1. Any idea which of P39, P18 is over 13 Å from the mean Cα position of the chain (by Cα) and more than 26 Å from V148 (Cβ to Cβ)?
2. Out of all the residues in the stretch 46-68, is one or more among the basic types (K, R), under 14 Å from the mean Cα position of the chain (by Cα), at pLDDT 95 or above and assigned to a helix (DSSP H, G or I)?
3. Name the residues in the stretch 1-45 that are open to solvent by less than 60 Å² (accessible area, probe 1.4 Å) and in a helix (DSSP H, G or I), would you?
4. Hey, can you tell me all the residues within the stretch 15-31 that are of a type in the set (A, V, I, L, M, F, W, C) and either farther than 18 Å from M1 by Cβ or without any contact (Cβ under 8 Å) to a residue 12 or more places away in the chain (or both)?
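The values are calculated or read from the model by the stated rules, or taken from the named source; none is laboratory data. Because the structure is a prediction, the values reported are computed rather than measured. Here the Cβ positions follow ideal geometry from the backbone for every residue, glycine too, while neighbour counts run over all protein chains shown. Accessible surface areas use protein heavy atoms only, side chains included; no ligands, DNA or RNA. Shrake-Rupley method; radii C 1.70, N 1.55, O 1.52, S 1.80 Å.
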Amino acid sequence: MLDHARDNGVDLCFEIHPGEDLHDGISFEMFLDRLDQHPSAQMLYDPSHYVLQALDYIANIEIYHERIGMFHVKDAELNPTGKQGVYGGFQPWTERAGRFRSLGDGQVDFGAIFSELTRHGFGGWAVVEWECAFKHPEDGAREGAQFVRDHIIRVTDKAFDDFAGAGTDEAANRRMLGLDRGHG
């Protein structure tokens, strides 16, 4: 399947998900080892799943950025107690320690994520995957689309301190330096 995908210019993104075979970086690496590091086996990055497992979702980008092909823009929160953790003790979603939230209502630092993905030249899809224990889905969809629009970073074509690339006005520079007094 991966060879066929590669031969057709397609990558397959495998989601890192709590409770599944691929649930963290170590299990993803084991998977890649069994696939002889196949280049078409990519990661679907979802920070909400990292929050629920208390994993460092920013460090994950630094480690696996070359394998991240897709990004689920999804928020979550984890507020464990002495009685309950990520799986919630079979409680309703509103009462669970680990639950999905609308974008911006959880604990994910999306500014840091979008910055880190931009730093590494991420060219994949950023897709809202909405699940929330409280908010109505129509509100979540409308707010989610705007949230992503507000977080996408337009990459500059030159460094902010590239003064040399801005061109020069030799006459103005000579006047500022007192080299051209305007007299003959």
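1. So the residue among P39, P18 that is over 13 Å from the mean Cα position of the chain (by Cα) and more than 26 Å from V148 (Cβ to Cβ) is P39.
2. yes
3. L2, A5, G25, S27, F28, F31, L32
4. So in the stretch 15-31, the residues of a type in the set (A, V, I, L, M, F, W, C) come out as 16, 22, 26, 28, 30-31.
Listed by number, the residues that qualify are I16, L22, I26, M30.
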